[in-house]
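Nothing in this text is a laboratory measurement; each read-out follows from the coordinates by a stated rule. Keep in mind that what you see is a predicted model, and the values were worked out from it rather than measured. Here the Cβ positions follow ideal geometry from the backbone for every residue, glycine too, while neighbour counts run over all protein chains shown.
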Amino acid sequence: MSPKRKIFIFLIVSQLIYAFFSVAWLIVLGISAYLFHDSGGVHPGMRALFAYLQAYPGGLLLALILGWTYFAKGKYKPAVWWNLLPLLWVIPYLGIFIYANFFA
């Protein structure tokens, strides 16, 4: 199998997985609204966490656009690296999910 075909399959499969995590992202974002439930002042860390959660669709879109753009130009290594950007959100979510279900 040629490197171009391998990267093509990798881009498609990984982006389908990221799209699946978009459903989980909607649930987490909806629940995260409770971060601001307290009537007192909101901790800056909570605001940063909420901004981080809100940034997932932008990161996903950026990865999708740049990944396919670099792939079309024949620059396969940057295409793969840009396509890994959503892992900044997916890996922590999986870590929390595994911890909550198996260790807590």
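Brief remarks on what is shown
- Within a Gaussian network of the chain (alpha carbon springs, distance under 10 Å), most fluctuating of 59, 41, 30: 41
- For trypsin sites (Lys or Arg not before Pro), the sites in the stretch 1-94 that DSSP calls loop and that have at most 15 other Cβ atoms within 10 Å are 73, 75.
- For Cα extents along the principal axes in Å, calculated from these coordinates, the label among [x] 57, 29, 18; [y] 35, 26, 21; [z] 32, 26, 21: [x]
- Mean Cα-pair separation over length for the stretch 30-89, i.e. relative contact order, pairs under 8 Å, 6 or more apart, %: 29
- Rounded to the nearest 0.05, the FRET efficiency derived from the C-beta distance between residue 104 and residue 68 at R0 = 30 Å is 0.15.
- Computed from Cα atoms, the angle from the helix 87-102 axis to the main principal axis of the chain rounds to 50 degrees.
- Estimated from helical segments only, the mean residue ellipticity of the chain at 222 nm is -26500 deg cm²/dmol, where each DSSP H run of four or more residues counts as -39500 (n - 2.57).
- The chain, relative contact order in percent, only Cα pairs under 8 angstrom and at least six apart counted: 30
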